[in-house]
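**Q** One structure, pasted below without further comment.
The values are calculated or read from the model by the stated rules, or taken from the named source; none is laboratory data. Here the structure is a predicted model, which is why all the values come from computation and not from measurement. Glycine gets a Cβ as well: all are built from the backbone with ideal geometry, and neighbour counts include every protein chain shown.
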Amino acid sequence: MADLSCFAGYGLPQLLDWMRQHAVVGGFEHSVRLVTNRFDTGRCLISIGLADLSSGPVPLIVEQCQRMSVPATVLDSLLRFLPGAAFVHFGFEQSRDQLIGKCYLELPPPEANSLRPGRLQFLGFKWSMNGSVPG
């Protein structure tokens with residue numbers, strides 16, 4: 001597994017500890033990205049079902065996003081759409097010197113026409129956590 005220690009100051013260990021302490025069943029997905037002449041392996045996604053959170057998701061989402069240096073405008077948008085979400089996914093990605101934070105809200109399918117083409121399923125946000133801009 002890749003070294004993800006670069007995210008220590010951006011909330012990855014705290015999120016995993018919080019999930020363990022609260023016995024939240026979630027997912028951890030490690031991934032790679034093919035870039036010209038290299039693989040970026042410093043990537044992962046943490047998934048949480050919002051129905052599994054006993055105390056409501058808003059405090060966790062706000063605290064985690066703040067650790068991940070989310071811009072205020074992104075947090076406002078996340079909180080606006082959070083009531084309609086079934087799952088939240090936090091992404092961490094390292095590409096050379098750039099650390100990228102991601103948050104995806106997964107929307108549940110409507111009761112009817114759940115496989116309808118063009119249905120919005122994910123609402124995603126991403127930002128630089130360390131202020132680096134890709135070159």
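**Q** Where residues in region 91-116 are closer than 21 Å to Leu12 by Cβ and in a loop (DSSP other than H, G, I, E, B), which of them is modelled with the highest pLDDT? Even if it seems obvious, please write down each step before you answer.
**A** Pass one, region 91-116, residues closer than 21 Å to Leu12 by Cβ: 91-106.
The next check asks that each one be in a loop (DSSP other than H, G, I, E, B); those that pass are 96-97.
Details: Arg96: 82, Asp97: 86.
Here the residue is Asp97.
**Q** Separate question: Which ones in region 1-15 are modelled with pLDDT under 90 and exposed (fewer than 14 other Cβ atoms within 10 Å of the Cβ)?
**A** Answer for region 1-15, where residues must be modelled with pLDDT under 90 and exposed (fewer than 14 other Cβ atoms within 10 Å of the Cβ): Met1, Asp3.
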